[in-house]
Each structure stands twice: as structure tokens, then as C-alpha cells.
1. Here is a list: 115, 120, 139. Which entry is within 16 Å of the ligand (Cβ to nearest atom), more than 25 Å from residue 199 (Cβ to Cβ), not assigned by TED's automatic domain parsing to the domain that holds residue 316 and not in a loop (DSSP other than H, G, I, E, B)?
2. When you go through (1) open to solvent by 50 Å² or more (accessible area, probe 1.4 Å); (2) on the phi > 0 side of the Ramachandran plot one by one for residue 335, which number turns out not to apply?
3. Inspect region 172-182 for any residue being crowded, with 24+ Cβ neighbours inside 10 Å and in contact with a strand residue (DSSP E or B) (Cβ under 9 Å, 6 or more places away or on another chain) and give the result as yes or no.
4. Can you tell me which condition residue 352 does not meet? The list is (1) surrounded by 13 or more Cβ atoms within 10 Å (Cβ to Cβ); (2) closer than 30 Å to residue 136 by Cβ; (3) not β-branched (Val, Ile, Thr), and all the others hold.
5. All but one of (1) in contact with a helix residue (DSSP H, G or I) (Cβ under 9 Å, 6 or more places away or on another chain); (2) of a type in the set (Lys, Arg); (3) free of Cβ contacts under 8 Å to residues at least 40 places away in the same chain hold for residue 177; state the number of the condition that does not hold.
6. Tally the residues that are over 13 Å from residue 157 (Cα atoms) and in contact (Cβ under 8 Å) with a residue 60 or more places away in the chain, restricting the search to region 350-368.
7. Enumerate the helices (runs of 4 or more DSSP H) found wholly within region 231-319, keeping only those where 2 or more residues are modelled with pLDDT of 95 or more and within 25 Å of residue 59 (Cβ to Cβ).
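The values are calculated or read from the model by the stated rules, or taken from the named source; none is laboratory data. Keep in mind that what you see is a predicted model, and the values were worked out from it rather than measured. With ideal geometry, Cβ positions are generated from the backbone for all residues, glycine too; neighbour counts draw on all protein chains shown. Side chains included, ligands, DNA and RNA excluded: accessible areas come from the protein's heavy atoms. Shrake-Rupley method; radii C 1.70, N 1.55, O 1.52, S 1.80 Å.
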Amino acid sequence: MSELSTQLIHHPYRPPEGFDAVAPAVHKASTVIFPNVHALRTQEWIDKSGYTYGLHGTPTTYTLEERIATVEGGRYCVLAPSGLSAVTLVDMAFLRQGDELLIPDNAYGPNKSFANGELAAWGISHRYYDAQDPEDLAAKISGKTRLVWLEAAGSITLEYPDLPGLVAVVRDANAQRGEGDRKVITALDNTWGAGIAFNAFDLGIDVSMQALTKYPSGGADVLMGSVVTRDEQLHKQVLLTHMRLGLNVSGNDTELVLRGLSSMLLRYQVQDASTRALAAWMQTQPGVSKVLHPSLPDSPGHANWKRDATGAACLFSAVFDAALSQTQIDAFCDRLQCFKLGWSWAGPISLCAPYNIAGIRTQEWPHKGGLVRFAVGLESVADLQSDLAQALAGLTT
Ligand SMILES: *Cc1c(COP(=O)(O)O)cnc(C)c1O
């Protein structure tokens with residue numbers, strides 16, 4: 001080792017052991033070095049007993065996985081590069097040609113797009129069910145059904161489903177299947193609850209997926225997803241598909257989520273309180289015909305939410321009077337100063353976006369007026385309310 005090029009790579013210096021900091025270390029690797037050939041041949045990757053290759057995990061990703069599993073009350077966690085890739089990972093892990101998938105009509109839109117696109121092309125069919133009606137789910141489960149997606153609250157329109165009722169329907173369907181038959185698996189998009197509003201596993205749900213992009217990160221600057229399970233077999237199935245697909249998250253992104261995670265509970269509580277206040281106020285404003293938020297008594301599924309959840313996240317939607325045109329509603333959004341136009345939520349900045357619900361649902365949408373969804377950030381409630389007030393004032397002048 002006399003040449004400088006070699007010395008720079010194989011330098012003998014090792015920092016002393018015992019460095020202890022508040023933040024977990026950020027480990028990064030494609031290659032992981034084995035101490036000998038025996039270890040290279042025998043080290044397992046599937047049970048986290050060691051390290052084999054960057055794609056199979058580092059101390060940093062293992063740490064985040066353990067913490068997310070803890071938050072959600074699960075035992076195992078797999079990380080994916082985005083929330084959406086966690087959705088499609090669950091689909092690919094459990095669905096085979098000839099299977100049928102059931103999705104709530106009010107599910108996160110790209111979940112439905114994947115079913116319409118790739119899954120349909122691969123011979124996997126899907127149907128939409130009314131998440132507010134467990135009997136509709138019961139009627140749609142067939143011998144072909146393999147996976148049922150759940151989402152609480154529903155995407156954009158925030159209906160809160162009877163999760164125990166929906167899980168009971170699946171349990172009854174499974175009870176009728178024979179010993180060797182494949183069972184129906186329930187998977188929840190738990191991004192809204194974030195493991196804080198309720199415990200998915202105590203409700204009997206098999207798989208909990210989350211967009212870590214939202215609450216755990218909290219910074220609007222990183223994309224990541226997670227799939228948490230309590231059952232070891234289900235976890236292994238997800239992990240094998242994850243490995244074969246080559247999904248990876250970067251050490252730097254993992255660090256950002258670990259950093260955000262320590263303040264997640266506090267952020268959730270503050271944004272929840274701000275959102276309830278703004279939703280209740282918005283309901284009293286002229287030009288607004290209905291506000292959708294699970295804490296409001298006339299919002300769909302309010303009784304389910306009151307029974308099963310303790311938090312209500314940071315989203316509410318306003319349906320405007322039918323007399324107001326889309327152009328007027330768009331102008332209202334453009335007038336907002338604190339609320340910026342953009343996708344996502346649970347970040348520091350408040351956001352809004354207009355939606356055409358009738359165009360994205362199969363079930364009939366009961367409202368005539370346009371809808372705007374608001375994601376409340378960490379700004380002061382008083383400032384957010386004045387912002388909404390000045391933008392609403394423009395609707396009537
Ligand atoms: C944002 C979101 C996702 C997808 O997360 P990305 O990280 O943006 O891919 C999935 N489900 C819900 C409910 C979401 O809000």
C-alpha cells in the first residue's frame with residue numbers, strides 16, 4: 001500500500017468507538033463488506049440479522065422501520081420510495097392473475113389508477129365498493145376476492161368508514177373459505193391516521209400502508225412510503241416482492257424522515273386542532289354549502305369517527321353554493337395568500353386545491369357545487385382564518 005491512490009482508499013485510521021449523538025447515524029451503501037467468504041456465503045438478508053447489500057437495508061433504514069412499526073402498533077415494516085410505491089408494492093405482493101381487488105370508491109386516486117392500468121393488464125380485476133356501507137362490501141366479495149383496500153378518512157371527501165364493520169365482513173368471508181384456500185387480506189391506507197388517530201392492527205386490519213411523505217416527514221421535502229404488518233408470513237411476502245422489485249430508499253431521505261418523526265405527534269395535534277377550528281368556522285360562512293370533516297356532526301361517518309378515532313388530521317373540504325361557478329371558485333383559490341396551490345399535505349405550509357368529485361367517482365355525488373380541499377399547515381389559525389375570510393369576501397363582490 002505504498003501508492004497514494006491506494007492509501008486514500010485503504011487508509012488505516014479508524015475513529016474511536018463510543019460516539020453517541022441524539023440523531024441516528026446516516027449509513028449509506030450499495031456494497032457492504034463481509035469479514036470472510038463464509039459470511040459472504042451465509043449471511044441472511046431476510047431477517048435483519050446482519051447486512052448483505054445496500055438494497056437489503058442499512059442500520060439507518062432498519063432504525064426507521066422499527067420506529068414506524070412502533071408508531072403503528074405493528075411488528076414489521078418495509079420502506080418504499082414513495083407512498084404510491086408502497087400501495088403498488090402491497091398490490092403486487094398479494095395479487096395474482098385471476099384475483100379480484102376491492103377498492104373504496106373514495107380511495108386515493110392513484111391507487112385506483114394502478115388497478116385500472118397495470119393490474120387490469122396483468123389479468124387482475126377490481127371493483128369499487130361504497131366504504132360507508134359494509135353490506136355493499138359483503139355483496140361484492142366473491143371467491144375471486146384476494147385483497148380489500150380500506151381508507152380512513154376517504155380521499156378528498158373525508159367520509160369516515162366503519163372500519164370494524166368492514167373488517168368483520170372480510171372475517172366472515174374468510175370463515176367460509178376452506179383450510180387450504182387463500183384468504184382475503186385487508187390493507188389500509190393509513191396516511192391520514194398516521195398510527196396516531198387509531199391503531200389499525202387492534203381493529204383487525206392485516207396490512208397498514210402509509211405515505212411517510214406526509215406526517216412522519218412533515219417537511220414537504222421528501223417522498224417515502226411504508227408497509228407495516230403484525231403477521232410474519234404477510235411481512236415476508238411483502239419483503240420478497242420488495243426485494244425482487246429492487247425498491248430502495250436513500251440514507252439521506254431516511255435521515256429526513258427520522259428527524260421529522262420525533263416531532264410528528266406534536267405536529268399532528270397542533271394541525272388537528274387548527275383544522276377543527278377552521279372547518280367549524282368555514283361552515284358558518286356565506287357561499288359555503290357544506291364542510292366535510294369527520295369531527296363535524298353532519299359530515300358522513302361522524303359517528304364512526306367518534307367511536308373509533310381520537311385524532312382527525314389536517315384536512316377539510318368545502319363544498320360551495322351551487323350558484324357559484326368553477327371560475328369563481330378558482331378565483332377564490334387564487335386570492336388565498338397563506339394557503340398555497342399544490343398537492344400533498346401535513347407539511348409546514350397550508351395548501352388548497354379544487355376538485356371535480358363527480359368526475360373521479362363511480363357512485364353518485366350528492367352535491368352540485370364545486371369542492372375545494374384544504375390542508376392546514378403550521379401557521380397561526382387567526383392568520384389562516386383571515387386569509388380564508390378575505391378570499392371568501394371576493395366571492396360576493
Ligand atoms: C400522498 C398520499 C399517498 C401517496 O404518497 P406519495 O408519497 O405522494 O406517493 C397515498 N395515500 C394517501 C392517502 C396520500 O395522501
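1. Just one listed residue meets the conditions, 115.
2. (2)
3. No, the conditions are met nowhere in region 172-182.
4. Among (1) surrounded by 13 or more Cβ atoms within 10 Å (Cβ to Cβ); (2) closer than 30 Å to residue 136 by Cβ; (3) not β-branched (Val, Ile, Thr), the lone unmet condition for residue 352 is (2).
5. (1)
6. 1
7. Ranges flagged: 232-245, 251-261, 264-282.
A quick yes/no check of all residues on (1) closer than 15 Å to residue 312 by Cα; (2) part of a loop (DSSP other than H, G, I, E, B):
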position	(1), (2)
179	no, yes
188	no, no
199	yes, yes
220	no, yes
